1. Check off (1) at pLDDT 90 or above; (2) exposed (fewer than 14 other Cβ atoms within 10 Å of the Cβ) for Glu202 and give me the number that stays unchecked.
2. At least 2 residues that are closer than 23 Å to Glu174 by Cβ in each: list the strands (runs of 3 or more DSSP E) lying fully within the range 261-365 that qualify.
3. For residues that are in contact with a Gly (Cβ under 7 Å, 6 or more places away or on another chain) and not in a strand (DSSP E or B), scanning just the range 183-205, find the one that is nearest to Leu237 (Cα to Cα).
4. Restricting to the range 1-38, count the residues that are among the hydrophobic types (A, V, I, L, M, F, W, C) and assigned to a loop (DSSP other than H, G, I, E, B).
5. If you check Asn361 against the conditions, is it polar (S, T, N, Q) and over 28 Å from Ala145 (Cα atoms)?
6. So His323 clears everything in (1) buried (at least 17 other Cβ atoms within 10 Å of the Cβ); (2) more than 25 Å from Trp352 (Cα to Cα) except one condition, right? Which one?
7. Across the range 214-260, what is the number of residues that are without any contact (Cβ under 8 Å) to a residue 12 or more places away in the chain and part of a loop (DSSP other than H, G, I, E, B)?
8. What pairs can you find where one residue is in the range 99-121 and under 12 Å from Gly81 (Cα atoms) and in contact (Cβ under 8 Å) with a residue 40 or more places away in the chain, the other is polar (S, T, N, Q) and surrounded by 18 or more Cβ atoms within 10 Å (Cβ to Cβ), and their Cβ atoms are less than 8 Å apart, with a gap of 6+ or different chains?
Amino acid sequence: MAKILVIDDERSIRNTLKEILEFEKFEVEIAEDGIEGLEKLEKTNFDVVLCDIKMPRMDGIEVLEKIHELDPDATVVMISGHGTIETAVEAIKKGAYDFIAKPLDLNRLLITIRNATDKTKLISETKVLRRKISKSYEMIGQSEALEHIREMIHRVASTDARVFITGKNGTGKELVARWLHELSNRAKGPFIEVNCAAIPSELIESELFGHEKGSFTSAVKQKRGNFELASGGTIFLDEIGDMSLAAQAKVLRTLQENKITRVGGEKEIPVDVRVLAATNKDIKKEIEAGNFREDLYHRLSVILIHVPSLNQRKEDIPLLAEHFLQQLITEQGMPPKSFTEDALEALKAIHWTGNIRELRNVIERLAILCDKVITGNDVNTFAQPLSAVRK
């Protein structure tokens, strides 16, 4: 049931709105002026606030500003018997959801309130989803190596410096890139991830820079590339060591000029993008072999962050294992499960070739196949089935 706060200095209007809205199955509280309304808002969350404009002690526009100081996402509908176009425009500019003139049209009021409650619900669901996403990208661990990475992220995130992230497959390079974006001034902008290894070399330029209609056989319509889509935010070029030399040359030009040209086009399009890149390859060997441009590497590597392998931060394994187990229990509706101390020691003793990605898969296997208490014997039996087959 949606909760509504009515702020109006006229008792008859307050009470009438309360009766009508309660009849429509809303939960309603009333306040006789802005100060009382703000006191109620500090104690209770409301889905929608109906606020008069002309009131003693505090003007409705000032109340609107104070409400948004308390909650920037608050949904406020302004009502007034002295409404003018100028007043309505000012209210909307200051963040009001809508403006309704008195005498109130009941049908319009109810439609506005229902739309407003839908908006509030959507905002709430979005916040929950963001929290879930943030949780799925947590950096778990207390090792010295991980603390060093956290410190680096916090130092450079607020800048627009390009960052080159290195590390083996499964170590969490994407995680570092996402946190650099989330803690940056571009956090409200898009985060566009491009897996350069997964895109065929003949399509990589179209993916990065877009193409014009008819520029090649399958180009049946114009397409914006990832650099355009990421404008105002961050582009993450994952596995950039696998990018073709032709595409590397275009990326270098984009970094130099902050402009792109679509495949088959002539117009230069300005882009405002922060570039993060990552690779699992030894990039210096790739440069020596002629597979990667040295000038592009120097453009990308303003800041270097190396993500250590799981074998280099084994003290984090118990925390990671517990985190993944609880995550799987929640996601898959499993009964509660736990590790014994010898199970955690057995996990630490394993040589992890697939790093954190492999560890998560092993924890999922253990969660599915084992009883409520996962023991060291369980780990030795199920963690490395290929080793058992070889023996």
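1. If we test Glu202 against (1) at pLDDT 90 or above; (2) exposed (fewer than 14 other Cβ atoms within 10 Å of the Cβ), just (1) comes out false.
2. Strands (runs of 3 or more DSSP E) meeting the threshold: 274-279, 303-306.
3. The selected residue is Pro190.
4. 3
5. Answer is no for this residue.
6. Every condition holds for His323 apart from (2).
7. 4
8. Close Cβ pairs (under 8 Å, with a partner that is polar (S, T, N, Q) and surrounded by 18 or more Cβ atoms within 10 Å (Cβ to Cβ)) amount to Lys102/Ser80.
The values are calculated or read from the model by the stated rules, or taken from the named source; none is laboratory data. Just so we're clear, the structure is a prediction, and the values are computed from it rather than from any experiment. Heads up, the Cβs are rebuilt from the backbone with ideal geometry, glycines too, and the neighbour counts pull from every protein chain shown.
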